[in-house]
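The values are calculated or read from the model by the stated rules, or taken from the named source; none is laboratory data. Predicted model only: the values in this text are computed from it and were never measured. Cβ atoms come from the backbone with ideal geometry, glycine included; neighbour counts cover every protein chain shown.
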Amino acid sequence: MMPTKQMFLRIFDKFRHAATEYSGLEQSLGFYFKDMELLRTALTHPCYKSYDKKIRDYQRLEFLGDAVLGLVFAEALYITSDAEEGKLTEARICLARGSNLAGVAKRLQLGRYLRLPPNYGEAKNIRIGNNTNEDALEALFGAIFLDGGLEAARRVAQHLFGDKLVIGNSAGGHSPKNRLQELIQRDKRPAKGTCIEYRMVAETGPAHARQFTVEAWVGGKCLGRGHHNSKRVAGEMAAEMALKHLSQKHLVNALQGAPETKQGHRNDKKA
């Protein structure tokens, strides 16, 4: 059956409506999508499947966008700085941290554009918080990459992150270790014995290419692990993982739910 003029008009109206619906966001991004369905998918919260099981949510695009942002950040830092590899890695970790991405998402007001089920207002377990904002921004970059390629993702990242893509501006003066220490210190109800300890639990590889594994322990619980050829960077990576763990729940609850202390670490070296 040949498509009729009426069918074409309905399809055109559908995408024209979508373009109008998201035009404010596209203007803020400085990027206009050719494939509006990609944009719609990037803004479809997973909870929407409870309303329409056939719809695609943003989780696959989030996976892709995480990798795209990692590459764009690494490239920008490499080009704009002569810093050593360890410093570059630390700056990239700071750029990609959840609170940083969530802040950009909030500035774009992504929450206004998310596709949520009609009964969202009654749903108590869904909240547009930092995690959702971070996920949606990553999904958005996945969609930008598919629609406009790596160059488009570079342009949008430069537009949104600006000076933060330069060493010295990306970390905001706070390394993951410093931020973890601040989080523990400002907690109003610290658990007994909540001190931070960094343990080097593994050292592998030949002398010219050593690899170090460092764990971040808080209150006797392992909350993060980092693996790198620099002990310092491995420690920062462990702290970043611990921060992600603690950002999901209150410090005391996180410590209660963390993995039990493993045996065999009596002779662990301090990182």
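For the criterion of being surrounded by 20 or more Cβ atoms within 10 Å (Cβ to Cβ), over 14 Å from Tyr32 (Cα atoms) and at pLDDT below 85, Ala139 fails. Picking from residues in region 67-95 that are surrounded by 18 or more Cβ atoms within 10 Å (Cβ to Cβ) and under 20 Å from Leu146 (Cβ atoms), the one that is nearest to the chain's Cα centre (by Cα) is Leu69. Please work out if Leu38 is farther than 24 Å from Arg232 by Cα and among the aliphatic types (A, V, I, L, M). Judged against the criteria, Leu38 is a match. Count of region 204-220 residues, restricted to those that are surrounded by fewer than 19 Cβ atoms within 10 Å (Cβ to Cβ) and out of contact with any Lys or Arg (no Cβ under 8 Å at 6 or more places or on another chain), is 8. Looking at the structure I just gave you, is Arg225 at pLDDT 85 or above, under 20 Å from Ala96 (Cα atoms), not β-branched (Val, Ile, Thr) and not assigned by TED's automatic domain parsing to the domain that holds Glu90? The answer is yes for Arg225.
In region 29-66, the residue that is surrounded by the fewest Cβ atoms within 10 Å (Cβ to Cβ) out of those that are over 18 Å from Arg115 (Cβ atoms) and in contact (Cβ under 8 Å) with a residue 60 or more places away in the chain is Lys34. Among residues belonging to region 164-182 that are modelled with pLDDT of 80 or more and hydrophobic (A, V, I, L, M, F, W, C), point out the one that is nearest to Ala238 (Cα to Cα). If we take residues in region 164-182 being modelled with pLDDT of 80 or more and hydrophobic (A, V, I, L, M, F, W, C), then Leu180 is nearest to Ala238 (Cα to Cα). Residue under question is Gly257, and the condition is that it be outside the structural domain of Leu95 (by TED's automatic domain parsing) and modelled with pLDDT under 80; does it hold? It is true that Gly257 is outside the structural domain of Leu95 (by TED's automatic domain parsing) and modelled with pLDDT under 80.
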